[in-house]
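Asks: My questions all concern the structure below.
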Amino acid sequence: MNIYADTNILIAKYVPNDPFHKECEKISKMNNIKKIGSPITIVELFSTISRIYQKLKVQIDNSDILNKASRNEIITAIVSYILLDWNLTVPFLENENLVLVLKDFRIVMKKEAFLAATLAPFIQLKTLDNMHIAIAKRLKEEYIELDYFVTSDKGILNKRVIIKKYTEIEVVNPAEFIDLL
């Protein structure tokens, strides 16, 4: 089984008061589930960790070394730890451009951006959430069977029916995902 793991569930494992903390701990340890992310996931991890890393419950070996590390080294170590701890796969997407044709414009865009732009009027999500959905759609269509998009983002969860209509990807929260197993 393959899931697209939204950034928020990756982080929830290390935030004990997160409503899905326990479920995310369980999902991260499931070796029979392939957990997939994207370059957007990595960017979001760096952005989020840079703001909250001191609040996270992350046990990194050689923490005495981290005491001497720079802020950048600490953030990089935490992001690396999370990726390894979750055994997250970030598939390579071929660099493909498409042309978005508007009334008086022809705009060459990366395929994921093109998909996000064409999905936006229908699913009406925030930009990065829209990019995650577009990348998941491309992964499902061209690279790997995605069984679920697992997220705790209420905006995405509230649009799950329309997302499924346009991407054929089932959106679930971590508790729902565990119940499905």
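The values are calculated or read from the model by the stated rules, or taken from the named source; none is laboratory data. What you are looking at is a predicted structure, and each value in this text was computed from that prediction instead of being measured. All Cβ positions, even for glycine, are placed from backbone atoms using ideal geometry, and neighbour counts span all protein chains on display.
Asks: Quick one: how many residues across the stretch 161-177 are buried (at least 18 other Cβ atoms within 10 Å of the Cβ) and assigned to a helix (DSSP H, G or I)? If you could, list the steps in order and put the result at the bottom.
Replies: Filtering the stretch 161-177 for residues buried (at least 18 other Cβ atoms within 10 Å of the Cβ) gives 163, 167, 169, 171-174, 177.
Still in the running and assigned to a helix (DSSP H, G or I): 163, 167, 174, 177.
Residues meeting the conditions: 4.
Asks: E141 - would you say it is under 22 Å from E96 (Cα atoms), of a type outside the set (A, V, I, L, M, F, W, C), surrounded by fewer than 17 Cβ atoms within 10 Å (Cβ to Cβ) and without any contact (Cβ under 8 Å) to a residue 12 or more places away in the chain?
Replies: Working: under 22 Å from E96 (Cα atoms): yes; of a type outside the set (A, V, I, L, M, F, W, C): yes; surrounded by fewer than 17 Cβ atoms within 10 Å (Cβ to Cβ): yes; without any contact (Cβ under 8 Å) to a residue 12 or more places away in the chain: yes.
For E141, the condition - under 22 Å from E96 (Cα atoms), of a type outside the set (A, V, I, L, M, F, W, C), surrounded by fewer than 17 Cβ atoms within 10 Å (Cβ to Cβ) and without any contact (Cβ under 8 Å) to a residue 12 or more places away in the chain - is met.
Asks: Also, I was wondering about something else. I'd like to verify a number: residues in the stretch 141-160 that are modelled with pLDDT of 95 or more and in a helix (DSSP H, G or I), how many?
Replies: Qualifying residue count, the stretch 141-160: 6.
Asks: While we're here: When you scan the stretch 104-115, do you find a residue that is in a helix (DSSP H, G or I), within 22 Å of V172 (Cβ to Cβ) and within 21 Å of the chain's Cα centre (by Cα), even just one? Please lay out each step first, then the result.
Replies: Step one: list which residues in the stretch 104-115 are in a helix (DSSP H, G or I), which gives 111-115.
Subset that is within 22 Å of V172 (Cβ to Cβ): 115.
Filter again for within 21 Å of the chain's Cα centre (by Cα), leaving 115.
Yes, that holds for at least one residue.
Asks: Hey, another quick one. Of the residues S38, S80, which single one is surrounded by fewer than 17 Cβ atoms within 10 Å (Cβ to Cβ) and at pLDDT 85 or above?
Replies: Values: S38 fails: surrounded by fewer than 17 Cβ atoms within 10 Å (Cβ to Cβ).
Residue meeting the stated conditions: S80.
Asks: Looking at (1) free of Cβ contacts under 8 Å to residues at least 24 places away in the same chain; (2) farther than 24 Å from K26 by Cβ; (3) in contact with a Phe, Trp or Tyr (Cβ under 8 Å, 6 or more places away or on another chain), can you tell me which one E170 breaks?
Replies: (2)
Asks: Where residues in the stretch 1-20 are over 16 Å from the mean Cα position of the chain (by Cα) and crowded, with 16+ Cβ neighbours inside 10 Å, which of them is farthest from V171 (Cα to Cα)? Walk me through how you get there before you give the answer.
Replies: From the stretch 1-20, those over 16 Å from the mean Cα position of the chain (by Cα) are 1, 15-19; that's our starting set.
Right, trim to crowded, with 16+ Cβ neighbours inside 10 Å and you get 15, 18.
Working: V15: 22, D18: 19 Å.
Once the filter is applied, the top-ranked residue is V15.
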